[in-house]
Amino acid sequence: MTVGVAAPPVGGARHNRCMTQPTTYGGRPPVVVPGAPTPELRVARFHGHARRLTWSAAVLIAVAGAAGFFYGNLPAPLENWMLLTAAAVIVFLLVVLPFLSWWGHVYTITTRRVIERAGVFGTRRRELSHVRGYTIQERRGILQRMWGAGTLLLTNGVDEPLRLVDIPSVGLVHEALVDQVEVNQILAHRDAQALPPTPSQRPAS
C-alpha cells in the first residue's frame, strides 16, 4: 500500500487536474482561503491483499518442477513440445490471469474521494465523494484477522455501496477514510459560511 505520495490526475479531463504533493513543512497542505478551490492530493493507493496469489505461486512452482522433470523423459508417443504447451496453458490460466486480475483492481483514496478501478483490457470505475458523507462497515474473517486484512463497505444511502474487498491494513484505511470525511465536511461547512450574501439576501437600505 502506497501512502502519502504524489499522483497524476485521476480519471481524465472531467476531473480536477491539480492533484499534487504538499510542499509545506511537516507534509501538511497550505491553508486555503475559504471558498477557494483546494488541490486534490492522493492519500493512499493499494490493491487487495496479495495472499490470494498464494495458489498461483504454488501452481507456478509445481509446473516448473514437473516440466523440468519430464522434459526429455516422456514416453512415446508424447513429445517435449506437448509438455511445454500444456505447461504454458496451465501457467497462463492459473498464474498470469489471476495476477493480472489482482494487479488491475486498484483502490485510490484522495482528499476528495474514494476511487475503485478494475479490469485489464476493459476498465470499470466507481468513486464515492467524501464531502457527501458515508457510513463505513468493517468485516473481517478469521484468516483476514491473521493477515491484518478486511473488507470495508462504504454506503451513502444514495449510490450503490462501494466495497473495498480484502484490503491490507484495513484498520489504517478505515481511520484514513473517517478522517477524510470529517475534514471534507468541515471544509464544506466553512466554505458555505464564507459565501457572500446574494442580492436578494442583502438588507434593503
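The values are calculated or read from the model by the stated rules, or taken from the named source; none is laboratory data. The shown structure was predicted, so the numbers you read here are calculated from the model rather than taken from an experiment. Cβ sites come from the backbone with ideal geometry, for glycine too, and all protein chains shown count toward neighbours.
Structure values in brief
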read-out	value
Single residue of region 67-108 satisfying the filter (surrounded by fewer than 13 Cβ atoms within 10 Å (Cβ to Cβ) and β-branched (Val, Ile, Thr)) that is nearest to the chain's Cα centre (by Cα)	Val89
Residue list for region 61-112, filter: of a type in the set (A, V, I, L, M) and assigned to a loop (DSSP other than H, G, I, E, B)	Leu74, Ala76, Leu78
Candidate set from region 113-130 (those that are among the β-branched types (Val, Ile, Thr) and in a strand (DSSP E or B)); member that is surrounded by the most Cβ atoms within 10 Å (Cβ to Cβ)	Val114
Which listed residue is surrounded by fewer than 17 Cβ atoms within 10 Å (Cβ to Cβ) and either touching a Leu at 6+ places or on another chain (Cβ under 8 Å) or part of a helix (DSSP H, G or I) (or both), from Gly171, Gly157	Gly171
Selected residue (criterion: farthest from Ser169 (Cα to Cα)) from residues of region 56-66 that are surrounded by 16 or more Cβ atoms within 10 Å (Cβ to Cβ) and of a type outside the set (Val, Ile, Thr)	Leu60
Verdict on Gly157 being in the same structural domain as Glu40 (by TED's automatic domain parsing), on the phi > 0 side of the Ramachandran plot and more than 13 Å from the chain's Cα centre (by Cα)	yes
